[in-house]
1. Restricting attention to the range 179-189, report how many residues are in contact with a strand residue (DSSP E or B) (Cβ under 6 Å, 6 or more places away or on another chain) and either over 19 Å from P71 (Cβ atoms) or not in a strand (DSSP E or B) (or both).
2. Hey, among S192, S164, S176, which residue is within 20 Å of Y127 (Cα to Cα), in contact with a strand residue (DSSP E or B) (Cβ under 8 Å, 6 or more places away or on another chain) and surrounded by fewer than 22 Cβ atoms within 10 Å (Cβ to Cβ)?
3. With the requirement that a residue be on the phi < 0 side of the Ramachandran plot, assigned to a loop (DSSP other than H, G, I, E, B), surrounded by fewer than 16 Cβ atoms within 10 Å (Cβ to Cβ) and at pLDDT 85 or above, what does the range 128-161 give you?
4. Condition first: more than 24 Å from I74 (Cα to Cα) and modelled with pLDDT of 90 or more. Now tell me which residues in the range 172-194 satisfy that.
5. Looking at the range 53-65, can you tell me whether even one residue there is in a strand (DSSP E or B), loosely packed, with under 15 Cβ neighbours inside 10 Å and under 18 Å from the mean Cα position of the chain (by Cα)?
6. Yes or no: the range 150-167 includes at least one residue that is basic (K, R) and over 18 Å from S118 (Cα atoms).
Amino acid sequence: MADIKQDIHQQLISNQQAMFRQILQADWQLKNFGPATVPDEIVPFIRSWGTSNVEKDKDDVKRVNAFCNQPEEIFLSSEFSTGRIEMQFEWLQAKDLHPLQFFRRYQHSINQMNADNSAGEEDVTAYSCQNQLVSPVEGQHAKAVFCLRAYRNYPQLFDVAYISASLDHQQQGVISHFTLAGVDQKMALEFSRKFIGAVVWQ
C-alpha cells in the first residue's frame with residue numbers, strides 16, 4: 001500500500017511540474033476588463049468564458065465576470081480530487097448606490113469565491129492564510145488573501161486559494177481570484193507572482 005501511495009505521489013508531482021512549466025513559461029495573453037487588464041487564455045489547455053448583466057437596465061450594480069479553468073480532475077478518492085486550475089475575475093460598478101450599500105454587494109461577491117476541488121478533513125489540513133494590503137507602484141491599492149492547505153498523505157503538495165479586491169473606488173471594484181489544486185509551494189509562489197503582475201488597473 002505504501003508503494004502504491006508513493007507511486008501516486010510521484011505521478012502527481014510529475015504531472016503538476018509539467019503543467020506548470022508550460023503555464024509559467026507562456027507569454028500570457030491579457031484582455032481589457034472594465035478599468036483593468038486581466039489574464040485570458042494563458043495556455044491552450046486553459047479555456048476562458050464570461051458573463052455579464054450590462055444589458056439589464058433594472059440592475060443597480062453592473063457585473064462582468066470572466067472565468068478561466070483547466071477542468072480535468074484527478075480523483076484520489078470519491079471525496080478527494082486534485083489537479084484543477086481556476087481563475088476568476090469580477091468587475092462591479094454601481095449606478096446610484098450609497099457607498100456602504102455597494103460595499104455590502106462587493107463583500108458578498110468576495111465571500112462567494114472559495115476552493116474549487118473537493119477534499120475532506122482526513123485529506124487536507126485547514127487553510128492557513130496571509131492577509132496583506134497591496135500598494136502597487138502603478139494601479140490600485142488592494143486587499144489580498146493568500147491561503148494554503150497541505151495534503152496529509154502527499155507531502156509537498158498543497159491547495160492554494162488567492163483573492164484580491166481593489167479598494168480605491170466607492171462605486172466600482174475589481175476582484176481577482178485563483179485556485180490551484182495539488183501544487184508545491186515553489187510553483188504556487190511563481191504562479192502567484194505572475195498572476196498578480198498580470199492584473200493591472202488601467
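The values are calculated or read from the model by the stated rules, or taken from the named source; none is laboratory data. Owing to the predicted nature of the structure, the values given are computational and were not obtained by experimental measurement. All Cβ positions, even for glycine, are placed from backbone atoms using ideal geometry, and neighbour counts span all protein chains on display.
1. 1
2. Details: S164 fails: surrounded by fewer than 22 Cβ atoms within 10 Å (Cβ to Cβ); S176 fails: surrounded by fewer than 22 Cβ atoms within 10 Å (Cβ to Cβ).
Result of the check over S192, S164, S176: S192.
3. Of the range 128-161, the ones on the phi < 0 side of the Ramachandran plot are 128-138, 140-155, 157-161.
The next check asks that each one be assigned to a loop (DSSP other than H, G, I, E, B); those that pass are 135-138, 140-141, 152-155, 157.
Now narrow it down to the ones that are surrounded by fewer than 16 Cβ atoms within 10 Å (Cβ to Cβ): 135-138, 141, 152-153, 155.
Selection gives R152, N153, P155.
4. Filtering the range 172-194 for residues more than 24 Å from I74 (Cα to Cα) gives 172-176, 193-194.
R193, K194, listed by residue number.
5. Applying the first criterion (in a strand (DSSP E or B)) to the range 53-65 yields 61-65.
In the following step, the residues that additionally are loosely packed, with under 15 Cβ neighbours inside 10 Å were identified as none.
No.
6. Filtering the range 150-167 down to residues basic (K, R) leaves 152.
Right, trim to over 18 Å from S118 (Cα atoms) and you get none.
No: the range 150-167 contains no residue that is basic (K, R) and over 18 Å from S118 (Cα atoms).
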